[in-house]
Number of protein chains: 2
Amino acid sequence: MPKPKYHIMVCTNTRPPGHPKPSCGSAGSQNLLMALNMGLMERGFQPGEVLVTGSSCLGPCEQGPTVVVYPDGTWYSQVKDEHVALILDEHIKKGTPVAQLNPDSVWA
Amino acid sequence: MPKPKYHIMVCTNTRPPGHPKPSCGSAGSQNLLMALNMGLMERGFQPGEVLVTGSSCLGPCEQGPTVVVYPDGTWYSQVKDEHVALILDEHIKKGTPVAQLNPDSVWA
């Protein structure tokens with residue numbers, strides 16, 4: 001089996017209820033993870049061609065949910081369900097980070 | 001803050017006690033994660049210079065613990081505590097995947 005072409009990492013960190021700091025988990029990242037996997041299937045990607053995994057805390061909790069695409073190392077912040085199609089169609093299929101989502105703005 | 005130079009991902013997936021399939025978690029990956037972070041500090045890396053996070057199941061459960069280094073996309077299998085220094089000294093400091101650890105053999 002070949003190495004996955006892309007590895008999409010979704011921060012799924014959660015915090016106890018009432019915790020003052022936000023988390024990607026409470027901002028809906030578990031749903032994103034599922035939507036990314038579903039979206040890959042819908043687009044005809046083979047299992048293992050693109051890997052989607054959950055990750056522990058990636059750091060920028062105030063700007064979550066955070067999604068990182070490797071090997072490009074592109075960081076997307078405040079990712080919403082409606083961004084999944086953009087990421088899959090533009091970045092994963094065409095190889096171009098989605099400018100509209102301000103990639104890497106968290107590092108600016 | 002600049003983007004991390006490396007992102008080391010450690011599979012920390014666990015399974016219920018008695019589950020027939022092995023997991024990176026039961027093979028000691030949580031300890032690896034800690035050892036990687038400690039080792040980075042000991043080597044004088046600044047916080048955020050190299051990111052170490054836990055990951056959900058990466059797939060090759062029989063060959064865990066699995067550690068992946070991005071942006072290189074280098075997969076290490078059956079990583080043991082004594083390999084942490086090799087990964088940090090050779091790969092993270094010098095930029096060369098550790099040949100001795102048969103990188104990417106899981107994809108061969």
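The numbers here are math on the coordinates, done by the rules we state, and not lab data. Quick caveat: nothing in here was measured; it's all calculated off a predicted structure. Glycine gets a Cβ as well: all are built from the backbone with ideal geometry, and neighbour counts include every protein chain shown.
For A:His19, the label point sits 7 Å beyond Cα toward Cβ; its separations from the matching points on the remaining copies run 2.2 nm, from shortest to longest. With the label put 7 angstrom out from Cα along the Cα-to-Cβ vector, B:Pro2 ends up 3.3 nm from the copy partners, going from closest to farthest. A simple count of charges around A:Pro22, restricted to other residues whose Cβ falls under 15 Å of its Cβ and scoring Lys, Arg +1 and Asp, Glu -1, yields +2. With 17 Å as the cut-off, how large is the P(r) tail for the stretch A:6-93, expressed as percent of Cα-Cα pairs? Every Cα pair in the stretch A:6-93 considered, those over 17 Å come to 42 percent.
Put a plus charge on the Cβ of each Lys and Arg, a minus charge on the Cβ of each Asp and Glu, and nothing anywhere else: the dipole of the protein assembly as shown about its Cα centre is then about 160 debye.
For A:Asn31 and A:Glu49 in one chain, what is 0.36 nm times their gap in residues minus the Cα-Cα distance, to one decimal in nm?
Details: separation 18, 0.36 × 18 = 6.48 nm, distance 2.06 nm.
Residue separation times 0.36 nm, minus the Cα-Cα distance, leaves 4.4 nm.
Over 25 Å apart at the Cα level, from the set A:Lys80/B:Lys3; B:Lys3/B:Lys80; A:Lys93/B:Lys21; B:Lys21/B:Lys94; A:Lys21/A:Lys94; A:Lys93/B:Lys80, are B:Lys3/B:Lys80; A:Lys93/B:Lys21; B:Lys21/B:Lys94; A:Lys21/A:Lys94; A:Lys93/B:Lys80. Counts of other chain beta carbons within 10 angstrom of each beta carbon in peptide A:56-65 average 2.
In chain B, Cα pairs under 8 Å separated by at least six residues give a relative contact order of 30 percent. Take A:Asn31, push a point 7 Å out from Cα through the beta-carbon direction, and compare it with the same point in every other copy: 4.0 nm, smallest first. I'd like the distance between the alpha-carbon centres of the stretch B:70-93 and the stretch A:61-108, rounded to an integer number of Å. When both Cα centres are located, 27 Å separates them.
Equivalent-ellipsoid semi-axes for the protein assembly as shown (Cα gyration tensor, √(5λ), whole Å, largest first): 26, 20, 19. Counting Cβ atoms of other protein chains within 10 Å of each residue's Cβ and taking the mean over peptide A:84-91 gives 0. For chain B, taking a cut-off of 4.7 Å between Cβ atoms, the unpaired cysteines are B:Cys57, B:Cys61.
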